[in-house]
Every structure is written in structure tokens, then in C-alpha cells.
Amino acid sequence: MKKRIPFLELSRLHRSIEDELVEKFKEVMARAVFAEGEEIKLLEKNVTDFLKSPAAIACSNGTDALELALRALDLRPGDEVIVPALTWISTAEAVANAGAVPVFCDVNDKGLLDPEVIEKHLSPRTACMIPVHLYGNMADMPALMAFARQHGLRVVEDAAQAFGAEWGGTSAGLFGDIGCFSFYPTKNLGAMGEAGLIVTGDEKLEERLRWMLNHGQPERNVHKIKGGNSKMDTLQAGILNVKLRHFQGWQERRKKLAVQYLRELKGINGLSLPGEITEDRHNAHLFSVKLRQRDALRHYLDRQGIGTAIHYPNPLPKTPAFFHAKPFPMAEEISRTTLSLPLHPFLTDEEINFIGGSVREFFERNV
Ligand SMILES: *Cc1c(COP(=O)(O)O)cnc(C)c1O
């Protein structure tokens with residue numbers, strides 16, 4: 001009986017740092033501060049240092065980070081925000097919940113926003129765009145920022161999948177007016193529950209964001225603006241502080257395994273590989289391949305005991321919540337053909353070999 005290889009196996013990661021995690025749990029319990037406090041400050045400092053960002057603001061999750069970012073930019077009702085048709089649903093939800101209108105834009109063959117396509121969607125109401133670094137692969141931020149400046153658009157980066165990716169030495173999230181991260185457990189840097197983070201180099205925006213996520217308070221009982229409760233759990237900050245000590249090493253392992261995949265899967269006719277995954281601009285969050293027989297391969301791998309995932313089965317404008325009749329050819333094609341193979345730092349070389357071999361076998365049997 002073969003052992004299953006799940007798409008993601010966080011228990012292996014947790015086992016490897018169990019003593020440190022337990023130590024941190026005990027510390028936080030003893031201190032008995034479960035909101036704000038020094039653990040949150042330490043996380044903000046650690047992330048500021050790691051990303052080389054001017055500021056880092058811990059918050060409740062990545063979805064709230066996006067909504068806070070859009071609210072902080074003071075969009076007017078009816079303002080339009082450019083959103084890629086292919087992304088996790090949070091990107092569009094945040095726009096709608098902030099009272100603006102998501103305008104879906106088709107993506108390039110990597111699933112990313114491109115200035116040429118955005119141009120066709122501009123209107124006098126376009127106020128902002130949200131590039132998404134899909135699968136951990138950064139959109140061309142220098143080009144997108146030049147385009148945004150030329151057209152007077154604000155930019156919120158959805159860097160929820162891109163912690164650790166950088167372009168020309170600048171981290172994902174630091175190009176736009178505001179950058180948003182998620183520490184959902186399945187991301188490269190994940191908490192043990194919900195958590196997110198916002199970066200910005202604009203001190204006025206930073207101040208507003210900090211007030212907004214804590215009931216509009218610059219200090220206790222002073223409600224200067226309308227806000228809400230989007231604070232990060234102190235315990236989650238503690239877990240992230242422990243995991244950050246190991247993050248660089250995990251990233252290196254991810255990259256090594258990705259290179260091994262690329263070697264194993266090279267030259268298979270009809271299989272398109274994410275070659276850019278070895279570059280700094282990609283944090284190797286997901287190893288997503290494309291092929292016409294996606295569903296058949298998924299089924300085949302499942303029978304071999306290999307878990308896979310689809311990011312994402314439907315473009316947002318093809319979901320009931322955000323339906324739009326217009327075609328989004330590239331986003332639709334990626335949704336039909338993309339498959340994410342297991343990639344996390346605790347996979348063994350043998351497991352990658354086995355997965356690679358199984359994919360190759362599928363193609364040999366199905367020519
Ligand atoms: C995960 C994710 C989010 C949302 O983050 P949560 O912390 O789960 O709320 C937003 N956008 C993208 C692209 C994501 O992958």
C-alpha cells in the first residue's frame with residue numbers, strides 16, 4: 001500500500017518546529033495579552049526588516065487587508081477598480097465591500113494583469129487597480145506602476161500569495177500605494193488560523209489604516225474616524241514570529257524542489273511548465289502546470305495517491321456572485337487547463353520523483 005502524498009501536509013512543518021511553537025504558546029499564555037501587545041509589535045518589526053518595507057501593519061486576514069486598503073484610499077461610491085478575472089475571490093469582494101465596482105480584466109498567459117489589456121477597460125470612473133501576484137509569480141510591477149501613474153490610478157497590490165517574492169530587489173507589495181498579504185495557513189508563510197498584513201510607504205495612509213483596523217481609534221476611547229475590528233490575534237503573531245526564523249530556509253527548499261520538478265517534467269509534449277518559478281520574482285508558492293487533459297491527469301494522480309488542486313476552477317466573472325456575460329478567453333482557458341502539483345518544503349526528493357514519474361507515465365499512456 002503506497003503512502004498518500006497530500007497536496008499540502010502542514011503537520012510535517014509543525015512537527016519540525018514543535019518545541020519552539022510550544023515555547024511560544026506558553027509565553028503568550030503567561031503574558032495573557034491576546035490583542036495587540038509586544039508580540040504584534042515584534043511581528044511588524046520582523047516583517048519590516050524582512051521585506052525592507054517602510055512599515056508593516058498586522059491585521060486580521062488578507063481579505064480584510066484588501067478591504068481596509070481600498071477604504072483607506074477613500075474611493076467614492078461608483079468608482080471602478082480593475083481586478084484580474086482570474087484570482088481568489090477576496091480581490092473582488094474587497095472592492096464590492098468597500099463600495100466600489102470591480103471591473104474584470106482578462107489576464108495574460110501567466111494569469112497576470114497586463115497594461116495593454118487594462119487600457120481597454122479604462123473609463124472616467126477608473127480610480128484604482130489591484131494587480132494580483134498569482135501563484136506567487138509577480139505581475140510586471142514596473143510596467144503597471146508606470147501605466148498607473150500615467151492614468152492617475154491608485155494601486156493596491158494583492159500580494160497574498162507572494163510573501164518573499166521580489167522584483168529587482170524590491171519586495172512584492174512595495175510597488176503600489178498599499179500592499180496586502182495573507183498568512184492563511186496554506187500560504188508560504190502561514191499562521192495557525194487567520195492573519196494578514198498591510199504595507200505602505202505613505203505615513204498618512206499608515207496612520208489611517210492603523211486607526212481603521214482598531215475602531216477608528218488613535219488611542220483608547222477616541223474614535224476619530226469610522227473603523228471596525230480587524231486586529232490580528234496576538235497568538236497568531238507569535239506563531240508567525242517563530243515561523244519567520246525558518247522562512248528563508250523553507251523558501252530555499254521550495255526552490256530546489258521546483259527545479260527538480262522542472263527537470264523531471266521537461267520535454268513532455270502538451271505540458272506547459274512554470275519556468276519562471278526559479279526567478280526571484282516568484283516565491284514558489286504554487287507549482288501550476290497547464291495541459292489540455294487536466295481533469296484526466298488529476299484523476300490519474302489521485303489514483304496514485306497524489307493530491308492536487310485547481311487555482312481556480314472558474315474566473316470570477318463566471319461565478320454567480322460576480323457574473324458577467326462577456327468572455328474572458330485567457331482566464332477561462334487557464335481555469336480549464338491549470339493544475340497545481342504538491343510543492344511545500346517538507347516534501348522529500350523521492351516524493352517529487354514519484355509525482356514527476358507519475359505525470360510522465362500519464363502522458364506515455366495517453367498519447
Ligand atoms: C489567500 C488570498 C487572499 C485572502 O487572504 P485571506 O487571509 O484568506 O483572507 C486574497 N487574495 C489572494 C490572491 C489570495 O490568494
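The values are calculated or read from the model by the stated rules, or taken from the named source; none is laboratory data. All of these numbers come straight from a predicted model, not from anything done at the bench. Virtual Cβ from ideal backbone geometry, glycine too; neighbours counted across all protein chains shown. Note: accessible area is taken over every heavy atom of the protein model, side chains too, but ligands, DNA and RNA are not part of it. Shrake-Rupley method; radii C 1.70, N 1.55, O 1.52, S 1.80 Å.
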Practice item. State which residue is least open to solvent (accessible area, probe 1.4 Å) when the search covers only segment 181-211 and only residues that are within 12 Å of Gln236 (Cα to Cα) and among the aromatic types (Phe, Trp, Tyr). Key: Phe183
Exercise for review: Among residues belonging to segment 159-189 that are assigned to a loop (DSSP other than H, G, I, E, B), within 9 Å of the ligand (Cβ to nearest atom) and touching a Phe, Trp or Tyr at 6+ places or on another chain (Cβ under 7 Å), point out the one that is nearest to Arg12 (Cα to Cα).
Suggested key: Lys187
Practice item. Considering only segment 5-20, state which residues are touching a helix residue (DSSP H, G or I) at 6+ places or on another chain (Cβ under 6 Å) and either assigned to a helix (DSSP H, G or I) or at pLDDT below 95 (or both). Key: Glu20
Study note, to complete from the structure: Within segment 295-325, the count of residues that are of a type outside the set (D, E, K, R), part of a helix (DSSP H, G or I) and open to solvent by less than 80 Å² (accessible area, probe 1.4 Å) comes to 8
Review point. Just one of Arg292, Arg253 is charged (D, E, K, R), surrounded by fewer than 19 Cβ atoms within 10 Å (Cβ to Cβ), touching a residue at least 40 places away in the same chain (Cβ under 8 Å) and not in a helix (DSSP H, G or I); which is it?
Key: Arg292
Exercise for review: Tell me which of these Phe328 doesn't satisfy, since it passes every other one: (1) under 20 Å from Ile89 (Cβ atoms); (2) open to solvent by 40 Å² or more (accessible area, probe 1.4 Å); (3) among the aromatic types (Phe, Trp, Tyr).
Suggested key: (2)
Practice item. List the number of the failed condition for Ser16; all other conditions in (1) open to solvent by 60 Å² or more (accessible area, probe 1.4 Å); (2) of a type in the set (S, T, N, Q); (3) within 20 Å of the chain's Cα centre (by Cα) hold. Key: (3)
Point to revise | Hits in segment 190-205 (condition: near the ligand (Cβ under 9 Å from one of its atoms) and assigned to a strand (DSSP E or B)) | key: Gly196
